[in-house]
Every structure is written in C-alpha cells, then in structure tokens.
Amino acid sequence: MIVVRAVAALVVLWLIGALALACIGARRPGGPGVAADFAAGTAILAFVGSVAVVAGARVSVLPFYGLAAVLAAAVWRRRPGLRISGAWPRDRIALTLLAVAGASLASLFVSSLGDRLWWDGWVIWALKARVLFLEGTLPPGFLDPEGAYAFAHPGYPLALPLVNWWLYRHAGAAAPALASLCGTVWLALLPLVLWGALRERTGERVAALAAAGTVTFWPLAVNAAGGTADVVVALALLGAVGELDRGLSRADPGAFVRCGVYLSLGAMAKMEGLVLALAAAVVGIGSLVRRGERSVRAVLPFALPFILVAPWHGFAAARGLGRQFVSASLAPEVIGERILLVIGAFGDMALEPPWLPLVILAGIGVLRRTSAAGWFVLGGHIAALAVAYVLTPLDMIWLIETSSWRLLGACVPALLYLSLSGVAAASDPGAATGDRASRSRDRGSVRQEGGVRAART
Amino acid sequence: MVRGNGLSADREARGLRMLAVIVLTCWCAVSVEWFARSMRGPAGFVVRRPPGTEGVVGMPLIGASEVTITRRLLPPGPDGDRWLLVLPAGSDPFVLAYIRYQLAHVEYPRRIEVRAGPLPPSLDGYAGIIAAPDLVLDRSWRPTSAEGGFVRYERGEP
C-alpha cells in the first residue's frame, strides 16, 4: 500500500510539472517530455519547499495541490491537453534491447524495496527527508553547522530530500526503501530521454543499445538505488544538453525553457548541478548572442536555475552552512602534483573495460561533432569536477576513489547522446538539424537496418 | 575530384558510424554483464540482512549489529534526551562514524553520542549510557539491562 501511495505521489509530481510546462507552452510529448515534466514538478517542489524551510515554515503538501488545481484550470481554459505519445520500437532487436533495459529496471525497482540506500544516500539525502517528515521543516538544531548533524551537509540544496519527503508524506511513513525506490525512478527517466532523443537520429537499434547500456551501467544504477543525487545530475545534464541542442537547431521554441528546467533541477539537487548550470549558461547565452538573440526572454531560461537556488544558497551562506569545496592555500607545486595525480587517476579509470568504450565513443563523437555547444557544456562540467579534485581541502586520493566513478558515471548518458547524435549526423547531415526530410530518411534507414518490419497498420 | 572526395568522406563517416556501433555494442554487453554480476551478489537483487542487523538504514552493514543492540537497549523516552554509546577502546573510527550516523538517522530526534572508550571525564547531561562490558561506571549509575555484551546504565542507586 505504501508503494502504491508513493507511486501516486510521483504521478502528482509529474502532473504539476506537466501542467506548468503546458501553461507556458513548453511541453513536449514522448519520453523526453515525461522526463521534462517530472523535472519541472521537482523544480517547483524544491523551490517552494526551500523557501518554506528558509522562512522557518512547515512544508506542506497542500500548497502543491492548490498549485496543481490552479494550473489545471489554466490548462483547461487554453485546452492544450496533456498528451503523452510514446515512440514504440518497430525493430525486433531494438524491442529486445529495450526489454533488457525494462527487466533490469524492474529488478532494481523490486530490489530497492529492500532498502538499497548507500552511504551518502542515507547519511545526507534520506536523513534530511526523514527530518522534514518528522519536523515539517529543518529545525535550527539540525542546521547548526557545528552541531550533531553537521555530517549531513546541511547546506546542500534540497531537491532530493524534498522529493523523498513528498513520497514519505504521501505514504505516511519515513520508509528508507521509498528513497531507494525514488532513485530507480530517476534512473528510469534516463533511457526515456535517450531513446526519445536518439531514435530519430541514430536509428532504433543504436538508441535502444544506448538506453539498455545506460540503465545497466552499474555506477549509475547502484547510486540511483543508493539514493544519492548523482542520477538527478545525470538527468539534468542529459536533458539540458539535449534541449540546448534542440533549441539551437531552432527545431523547438520551448526547448530553451526545458533546458532551463533541467538546469534548475540539477542546481537544486547538488552543487555539481550549479556548476553545470553555469557552464550551460555561458555556452547557451554565448550561442544566442552570436545568433543575434539578445532578448531577456531568450536568456531567462539560463538565469532560471540561479534565481531558483538563490533563496537557499543565500540562507545557507548567512547561516554559515556552506561547505568549503576548494582550498586557496595550496602551493603551486602541490597543485602541479595534484593535477598529475588527477590525470593519472582519470587515465587509469579510462582504461578499465566499462569506461574504455565510452572514451572511444567520446573521441569519435568529438571528431564528428556537428555542434560544439553540448560538448562545451559537458566538457565544462567535467573540467569543473577535475578542478574541484585538484583544489579540494580534503584528502584528494580518498575523494577521487570514493566519488569519481559516480560523478563521471553521471556524465555517461549525456556523453552517449552527444557522441551518437554526432556520428549519426556526420553520416546523415540533416539529422542534426532535425529537418523533416532527414528524419524520413533516417526512418528509412531504420527500416533497412537489419530488416526492420514496419508495423502493419 | 570533388566526387572522389565526397565518396571518401562518406565512406569515412560510415566507417566511423560502424565503429561507434561496434564500440557501443561492446560497452552495452559489458554494462549488462556487470549489472547481472552485481545483482547476484550479497547486496544484489535480494538485500540480505543477517539476523541481528535489523533496524539499520541502507548499506553497508559494517557496524549494524552494534546499532541494532543499541536500539534494543534504548528505552522509550523523551525526544530531548541525550544518550552516550561507549564502544571498546581502539574501535575503528570508520565504524564509529557509521554507528553515529546510523543512530542519528534512525533515532532522530533523540541524540546519541558515540565514542570509543574510555569514558569521558564528565557524564553530566546524559540521560543514560550504553557501554561495552569492560567499562566500569561509578555508583551513581546503575545497570538496567544488557544485551550482546553491552550494558545500559541509568542514573540512580543500584
């Protein structure tokens, strides 16, 4: 019963996001649309919830149901509807690969009911959700930077704890398994976005391979069910890069808005998300300015994450909750030594079997890129992670060993999207721009690829 | 000449696409194998929690039995009470941190401080103490229950 209530809570969260995006005319159908809806719902929940905590008020589900009602009325007046149209595979091999992805997800989903939360999942994120559930807010005793709960990094943004609180609140219990379950839901959104974004560009089989590989990629899967925020950053990165690409190719006027939504989700989930928002803002605004688009409306989506996280980070700074991520007192020779160590650690990792193919794919993708914007965002994000390792005040080796695999794992879906769409566009130049002729060509190639049997309708 | 260059570029693009598909297939196979192998492990499809480790949150289970025993020994009481758990001297700091974080999570809002022996100089402010058996408390603390080698002490004459 608890799981049914939690699933219903997730549906409501999706609905709030879908209604909000429909209201501003930025909704997109299909798998990527569902993920964007969920991201928007989470961003709204995180913003309103964070403001409530900052104000010392109790977080309640009622304002969100009120908001949903208002948005539903607005959508009903405009009648855009809330269509979800799925792009089902026509190719048997693609269908099999998607079945593998689905079965893997289902097994992880069932397994997470046994509480698969891992270290940071229960130490940081699920603990805050539990406190929110029991207290209705994060009380001063919990937020004391020198207090008994300082280990839970009270200054971290609240998107993930608030989503878990949302589930706990609807289920009526602070059951850790729900936080674990929620992680698998975030993971499930990744293949939805990848399949939707790649299917028309690369063909069904390649898109399905990417989707199956992403779901089963252990650094993503174990941390998703482990309840950490890395899978949320992975979704934010993939969604932002995909929508930025779509927006810059002028294929969809709502793409920049959804890009801003994904960036807001990332920024309100984890500090790495804020770095991602910064990288995307520099690249996105730079691209728009080069195209002569300097209106506030065009730039606003890139400012959205910073506007939404401002109350929380302002509050955290005023309370002294901020964590020192970089040390300014490192000697130049130490920095040089650390740079070599980081390069060595990343290099060793790149030669391991699960990572080496990704490095090769990235190389091919960069070589055949059609747009540099997405690569700059991903590269900026990874470069910022590397800088944080080099300048960390903590034990750098320990930090790399315990976090690099999950932080870099979060970059994998975006890397796959950029690499594969670049390769597809190189062999079919129209695919990158998303024009109709190239899409129909691509559909044709999908049918030819391995004797695809089109649906006999 | 132009036609020749175009064909060569086209061939190169197709070759790279083929290479990308092969690499992607290999990566997908490695991912699926890694996933299947991991899901067969002890923290795999079925999260196995040995008897005596109930009541902890998530994984790993490095100090789970101590957490479980402590929770069993804790009496129901006001949320504001502070308790002290004293583990044997020389306990692994990592396990100490694990137990402290676990108890902070599962017992919230009750505060349980965790340290390795010996006892701190002052025990003022604690509603009770749960201590490893080799630790001896003065007569102002009386043992009230024991389990798994740990003893619960509360204030008062024996």
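Which of (1) over 20 Å from the mean Cα position of the chain (by Cα); (2) part of a helix (DSSP H, G or I); (3) of a type in the set (D, E, K, R) does A:D120 not meet, given it meets every other one?
It fails just one condition, (1).
Between B:R152, B:R142, which is surrounded by 17 or more Cβ atoms within 10 Å (Cβ to Cβ), outside any loop (DSSP other than H, G, I, E, B) and not hydrophobic (A, V, I, L, M, F, W, C)?
From the options B:R152, B:R142, the qualifying one is B:R152.
Which members of region B:82-107 meet the condition of being more than 17 Å from the chain's Cα centre (by Cα) and within 13 Å of chain A (Cβ to nearest Cβ)?
The answer is B:R82, B:W83, B:L84.
Hey, does region A:88-97 have a residue that's over 21 Å from A:L190 (Cβ atoms) and either at pLDDT 95 or above or in a helix (DSSP H, G or I) (or both)?
Yes, region A:88-97 contains a residue that is over 21 Å from A:L190 (Cβ atoms) and either at pLDDT 95 or above or in a helix (DSSP H, G or I) (or both).
Go through region A:113-143 and count every residue that is within 18 Å of A:R406 (Cα to Cα) and of a type in the set (S, T, Y).
The total comes to 0.
Taking helices (runs of 4 or more DSSP H) that fall entirely within region A:164-276, which contain at least 1 residues that are over 30 Å from B:M18 (Cβ atoms) and in contact with a helix residue (DSSP H, G or I) (Cβ under 9 Å, 6 or more places away or on another chain)?
A:176-202, A:218-225, A:230-248, A:255-269
Across region B:89-118, what is the total count of residues that are in contact with a strand residue (DSSP E or B) (Cβ under 7 Å, 6 or more places away or on another chain) and surrounded by fewer than 17 Cβ atoms within 10 Å (Cβ to Cβ)?
Final tally of qualifying residues: 5.
For region A:219-231, state whether one or more residues are under 21 Å from A:V123 (Cα atoms), within 11 Å of chain B (Cβ to nearest Cβ), surrounded by fewer than 24 Cβ atoms within 10 Å (Cβ to Cβ) and in contact with a Gly (Cβ under 8 Å, 6 or more places away or on another chain).
Within region A:219-231 (the criterion being under 21 Å from A:V123 (Cα atoms), within 11 Å of chain B (Cβ to nearest Cβ), surrounded by fewer than 24 Cβ atoms within 10 Å (Cβ to Cβ) and in contact with a Gly (Cβ under 8 Å, 6 or more places away or on another chain)), the answer is yes, since at least one residue qualifies.
Right, A:L97: within 14 Å of another protein chain (Cβ to nearest Cβ), in contact (Cβ under 8 Å) with a residue 24 or more places away in the chain, in contact with a helix residue (DSSP H, G or I) (Cβ under 9 Å, 6 or more places away or on another chain) and within 30 Å of B:V106 (Cβ to Cβ) or not?
no
Scan region A:164-218 for residues that are of a type in the set (V, I, T) and within 11 Å of chain B (Cβ to nearest Cβ) and report the count.
Of the residues in region A:164-218, 5 are of a type in the set (V, I, T) and within 11 Å of chain B (Cβ to nearest Cβ).
When region A:145-163 is examined, which residues are found to be over 21 Å from A:N223 (Cβ atoms), within 13 Å of another protein chain (Cβ to nearest Cβ) and either touching a residue at least 40 places away in the same chain (Cβ under 8 Å) or assigned to a helix (DSSP H, G or I) (or both)?
Selection gives A:A150, A:P154.
Go through region A:106-120 and report how many residues are more than 23 Å from A:A269 (Cβ to Cβ) and either more than 7 Å from chain B (Cβ to nearest Cβ) or among the charged types (D, E, K, R) (or both).
Counting residues in region A:106-120 that are more than 23 Å from A:A269 (Cβ to Cβ) and either more than 7 Å from chain B (Cβ to nearest Cβ) or among the charged types (D, E, K, R) (or both) gives 3.
In this structure, does B:V95 turn out to be of a type in the set (A, V, I, L, M, F, W, C) and in contact with a Lys or Arg (Cβ under 7 Å, 6 or more places away or on another chain)?
Here the answer is no, as B:V95 does not meet what is asked.
In region B:1-29, how many residues are polar (S, T, N, Q) and modelled with pLDDT of 85 or more?
1
State the number of residues belonging to region B:87-111 that are free of Cβ contacts under 8 Å to residues at least 24 places away in the same chain, part of a loop (DSSP other than H, G, I, E, B) and among the small types (G, A, S).
0
Please go through region B:119-135 and pick out each residue that is within 18 Å of B:E147 (Cβ to Cβ), of a type in the set (A, V, I, L, M) and at pLDDT below 90.
Across region B:119-135, the qualifying residues are B:A132, B:L135.
Scan region B:30-40 and give yes if some residue there is at pLDDT below 90 and within 13 Å of another protein chain (Cβ to nearest Cβ), otherwise no.
Yes: one or more hits.
Among the residues of region B:42-61, is there at least one that is touching a strand residue (DSSP E or B) at 6+ places or on another chain (Cβ under 8 Å), of a type outside the set (F, W, Y) and within 7 Å of chain A (Cβ to nearest Cβ)?
Yes, the conditions are met somewhere in region B:42-61.
Collect the residues in region A:330-347 that are within 30 Å of B:A13 (Cα to Cα) and without any contact (Cβ under 8 Å) to a residue 24 or more places away in the chain, keeping them in residue-number order.
The answer is A:G347, and nothing else.
Which of the following residues is among the hydrophobic types (A, V, I, L, M, F, W, C), in contact with a Cys (Cβ under 9 Å, 6 or more places away or on another chain), surrounded by 14 or more Cβ atoms within 10 Å (Cβ to Cβ) and not in a loop (DSSP other than H, G, I, E, B): A:L361, A:L308, A:L341, A:L378?
When all the criteria are applied, what remains is A:L378.
From (1) buried (at least 18 other Cβ atoms within 10 Å of the Cβ); (2) in a helix (DSSP H, G or I), pick out the condition that doesn't hold for A:R369.
If we test A:R369 against (1) buried (at least 18 other Cβ atoms within 10 Å of the Cβ); (2) in a helix (DSSP H, G or I), just (2) comes out false.
Yes/no per residue for (1) free of Cβ contacts under 8 Å to residues at least 60 places away in the same chain; (2) closer than 12 Å to A:R338 by Cα:
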residue	(1), (2)
A:A373	no, no
A:F376	no, no
A:H381	no, no
A:A384	no, no
A:V387	no, yes
A:T392	no, yes
A:S403	yes, no
A:L407	no, no
A:P413	no, no
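Would you be able to tell me the number of residues in region A:121-144 that are within 8 Å of another protein chain (Cβ to nearest Cβ) and of a type in the set (D, E, K, R)?
2
The values are calculated or read from the model by the stated rules, or taken from the named source; none is laboratory data. Bear in mind that the values here come from a model prediction, so they are computed numbers and not experimental data. Because the Cβ atoms are built from the backbone with ideal geometry, glycine has one as well, and the counts that use them run over all protein chains shown.
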